[in-house]
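As structure tokens, the structure follows; a few thoughts come after it.
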Amino acid sequence: MVSNTLRANIRKRKALIDAKGPDASGVGRLELEICLQITNEREKEILRRRAIANEWPMVIDFSSLLNRIAKADLQDELTGLLFVSIEVETNDIFCNLIDDLIELGLGKTSEEALSKFSKLPMSSVPRIIVEKARPGYYGPKGYAVIRASIMRLTDPTTTSTEAFAPLTIEQFTHFILIPHIARRLIAEDLDVTLMEAFEEMAASGEVGKYLQELDDTGDDEVLDNITMNTVVDQRRKVARAKRTDRRVEDAPAPSTAGTGSNKPRPKPRPVMKLKPLLLSLSTKELSGAQQAVGAFLNVCEANLVSLGKGRTIELPRLSWRCSSASNGRGIKPEAKNSCTISHSALILFR
């Protein structure tokens, strides 16, 4: 299979030689490009055969990926990884990263290894770490779509990094979130376990790199629409936040007449009226109700947005645990599948 770019360069070379002869300026450069492209096409053919032998998809509907990633269970997992430290610490992709960093000599403990890794520029990240973070046969196109879906959920300028510090949000997205989502998608595609999907993802990384490479000519309309819509969404979020800030700043200060005090009152703090996002805590790795409740309260203490007393938040799969938990930290057993926060608690917002 010959690419359109290779065909075009062959035609250019022929036209140039016909017009000015074989020694014309530019012929040598075109011949070098043609040689490189032929080598690349041969490599792609080898990878196509490997993909067929392993039954890896070669034709991928990238326009449907956003809807697949938007499923509620996967969104809950992403929320947990972004905001709940215990979800990060028990994630096997995160654990594999730490094991690799220690094996590579970046530190003797997980804390030391992560600290040194967080300071590395991308160009200095060990090759094995980069290759394991690739989204398998989804390749660079899949990487772009998955990243776009994460950007819709987060704002890189405001998202807290407390749950995965000392990594930056960019590092956490690249090395943990994107491989995590890609592995889930591959498990669905091939109907295999997550562990098997992780192995398939690592084995098919080179296939994805070449067969799903980005079109540098800008002719990929589907991918362009996905990324453009994400950029537009991000700009709208920023614009809404700025409008809210301006409304608060422009609000008239309350009158102090009749109060007997000449002290200026402080300006009201901005309040973002945003849609609440259901907080879901996975309990697969937790043992005992007290740990589950403690994990929830650790999230509450992230100093995000305050709720008033008496508000109720659902804790899926934790109702029976709540009934046996201590009430000393502000949680009262309620009806099935719910707990009431008796003090000022916190909730995540989309």
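Worth a mention:
- Residue in region 116-127 that is under 12 Å from residue 177 (Cα atoms) and open to solvent by 20 Å² or more (accessible area, probe 1.4 Å) present: no
- In region 5-24, the residues that are in contact (Cβ under 8 Å) with a residue 24 or more places away in the chain and within 30 Å of residue 214 (Cβ to Cβ) form Cβ pairs under 6 Å with partners that are of a type in the set (A, V, I, L, M) and open to solvent by less than 80 Å² (accessible area, probe 1.4 Å), at six or more places apart or across chains, as follows: 9/30; 9/34.
- From the list 1, 58, the one residue that fits, being at pLDDT below 90 and under 30 Å from residue 135 (Cβ atoms), is 1.
- The helices (runs of 4 or more DSSP H) found wholly in region 135-203 include none carrying at least 2 residues that are polar (S, T, N, Q) and either touching a Ser or Thr at 6+ places or on another chain (Cβ under 8 Å) or free of Cβ contacts under 8 Å to residues at least 24 places away in the same chain (or both).
- Residue tally, condition closer than 11 Å to residue 180 by Cα and either open to solvent by less than 10 Å² (accessible area, probe 1.4 Å) or aliphatic (A, V, I, L, M) (or both), over region 76-87: 2
The values are calculated or read from the model by the stated rules, or taken from the named source; none is laboratory data. Quantities reported herein were computed from a predicted structural model and do not represent experimental measurements. No Cβ is skipped: glycine too gets one built from the backbone with ideal geometry, and neighbour counts run over all protein chains shown. Ligands, DNA and RNA are excluded from the accessible area calculation, which covers all protein heavy atoms including side chains. Shrake-Rupley method; radii C 1.70, N 1.55, O 1.52, S 1.80 Å.
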